[in-house]
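Have a look at the structure below, then the notes.
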């Protein structure tokens, strides 16, 4: 059986002007990280969009800087609240707004966090690590951060780097 792989590249970007993101599909999210076996990152996510609320449980096992095995399933509110009892004691819930920008057939997910004013994080999911693509020209990329563990959401839940330290 094939493992469910998530292959994505991540970029630190200048926070886009709202006009650039006008018309994009936008979600508000809360992510809480849970206790899990060594080598596994587990989380629950509450997502809001167009008045709808959805809940997800996800486990990730990293293989390389850009590839991980990802198992995700939608759960109901009761299961979500039950899973929250496994919350990691050393982390906080991360809140963010995700804007999905389409460019040349790919979805670029831009995560805007309330704790940074000038920067955001953009991810693109690929079919293989070697996939060639172009970045959206309306986005100012500071640098690729696919291997920067400080910018993984699980790490942000434990420690938020100062914006100046990332620029």
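Just so you know, all these numbers are worked out from the coordinates, no wet-lab data involved. Quantities reported herein were computed from a predicted structural model and do not represent experimental measurements. Using ideal geometry, Cβ is built from the backbone for each residue, glycine included, and neighbour counts are taken over all protein chains shown.
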Helix-derived mean residue ellipticity, 222 nm - over the chain, DSSP H n ≥ 4, -39500 (n - 2.57), to 500: -2000 deg cm²/dmol
Estimated inter-spin distance, residue 132 and residue 63, nm [label 7 Å along Cα→Cβ]: 2.3 nm
Stokes-Einstein D in µm²/s, Kirkwood radius over Cα pairs - the range 113-167 at 10 °C with 1.306 mPa s viscosity: 122 µm²/s
Simple label model, 7 Å out from Cα along Cβ direction - residue 141 to residue 26, nm: 2.5 nm
Distance between the range 97-157 and the range 1-63 - C-alpha centres, whole angstrom: 11 Å
Anisotropy class of the range 86-126 from Cα gyration tensor, a/c 1.5 cut: oblate
Cα-based shape type of the range 13-72, given that a ≥ b ≥ c are square roots of the gyration tensor eigenvalues and the cut on a/c is 1.5: oblate
Gaussian network model of the chain, Cα within-10 Å springs - most flexible of 51, 105, 147: 51
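Using Cα pairs under 8 angstrom and six or more residues apart, how large is the relative contact order of the range 5-166, in percent?
Reported as a whole number, the value is 32 percent.
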Residue among 85, 58, 26 with the largest mean-square fluctuation in a Gaussian network model of the chain, springs linking Cα atoms under 10 Å: 85
Residues 112, 142 arranged by fewest to most Cβ contacts within 10 Å: 142, 112
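Test of understanding: what is the full-extension gain from residue 107 to residue 56, defined as 0.36 nm times their sequence separation minus their Cα-Cα distance?
That pair, residue 107 and residue 56, stretches by 16.4 nm at full extension.
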Directionally averaged projected area (convex hull, Cα atoms, the chain), nm²: 10.6 nm²
Of 70, 61, 117, the one that fluctuates the most in a GNM where the chain has Cα springs shorter than 10 Å: 117
